[in-house]
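Take a look at the structure below.
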Amino acid sequence: MTGLHMPQRNSTNGADPRRMGNTTPPVSPHRPRLEYFNLEALSWTDYHGYLHQVERMAAQPWGLYVERIVDNPRFHYIESWLLPELSLRVTVYHLRPGHDRGQTYYLDIGDYTRIEPKKWRAEGHYLHVVARPGQMPELLGIDELLSAHAAGHFDTARTHRAIERAAAVVDGLAACGHDVDRWLATKGLALSWL
């Protein structure tokens, strides 16, 4: 990930498809990205295999909360909730001054599971929804998902499931005035944020 999730040509970000022509760079297919979280060591292993320390982790019956400092010119702190029952990771990036666009949530579709009493595994399924209160959400990553499927990294059933999950998130947000916390409350979740 470079910076925040970058808008892609297939998103609903207002790009004019007639002006794109053949300027869209091809997406390199890749396998689903795996990450690991260790509560005992307060560590996170990213999808490149690099180990990072985190400031705080807390397991709840409904998921795992992770806080970490990030050295990035646009943001300095990240909070995430891994929510297995919803197949989601909900993340808030705390932006540096001058980059503040209001509260933005990133909802990553995937499988998030506790694999040991103090260890969790995250497998991203390419799709993520960018949501801002009161605004239409953006669905990103379709090109990555289809590229991975075409390359045989992601089978048809899992591809359909990822699309269905993303559609359910977008529909759920629409039914709740595009308010992530309000939508999560309908699922019985009241997540805490800094």
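Read-outs throughout are calculated quantities, based only on the coordinates presented, and are distinct from any laboratory measurement. Since this is a predicted model, take the numbers as computed values, not measurements. Glycine gets a Cβ as well: all are built from the backbone with ideal geometry, and neighbour counts include every protein chain shown.
Subtracting the Cα-Cα distance from 0.36 nm times the residue separation, let me have the gained length for ALA150 to ALA41 in nm, one decimal.
Length gained, ALA150 through ALA41: 35.5 nm.
Between TRP193 and GLU85, how high is the FRET efficiency from 1/(1 + (r/R0)^6) when r is the Cβ-Cβ distance and R₀ = 25 Å? Nearest 0.05.
Once rounded, the FRET efficiency stands at 0.85.
Would you be so kind as to identify which of TYR93, ALA168, VAL129 lies farthest towards the positive end of the dipole of segment 78-194, taking Lys and Arg as +1 and Asp and Glu as -1 on Cβ and the Cα centre as origin?
TYR93
What is the dipole size for segment 74-194, taken about its Cα centre, with +1 at each Lys and Arg Cβ and -1 at each Asp and Glu Cβ, in debye to the nearest 20?
Charge dipole, segment 74-194, about its Cα centre: 340 debye, nearest 20.
Per-residue counts of other Cβ atoms within 10 Å, averaged by peptide: what ranking do you get for 111-119, 86-94, highest first?
Answer by packing, highest mean first, reads 86-94, 111-119.
For a quick check: with amide H placed at 1.01 Å from N, whose amide H comes under 5 Å from HIS125's, ignoring anything fewer than 5 positions away on the same chain?
The list, which skips near neighbours in sequence, is ILE109, GLY110, ASP111.
For segment 66-194, what relative contact order do you get, as a whole percent, if you take Cα pairs closer than 8 Å and at least 6 residues apart?
RCO, segment 66-194: 16 percent.
Which order do the peptides 30-43, 151-164 take when ranked by the mean count of other beta-carbon atoms within 10 Å per residue, highest first?
Highest mean packing first, the order is 30-43, 151-164.
For segment 88-161 and segment 45-86, what is the separation of their C-alpha centers, rounded to whole Å?
A separation of 13 Å, based on Cα centres.
Near LEU191, within a Cβ-to-Cβ distance under 12 Å, what is the net charge of the other residues, with Lys and Arg +1 and Asp and Glu -1?
+1
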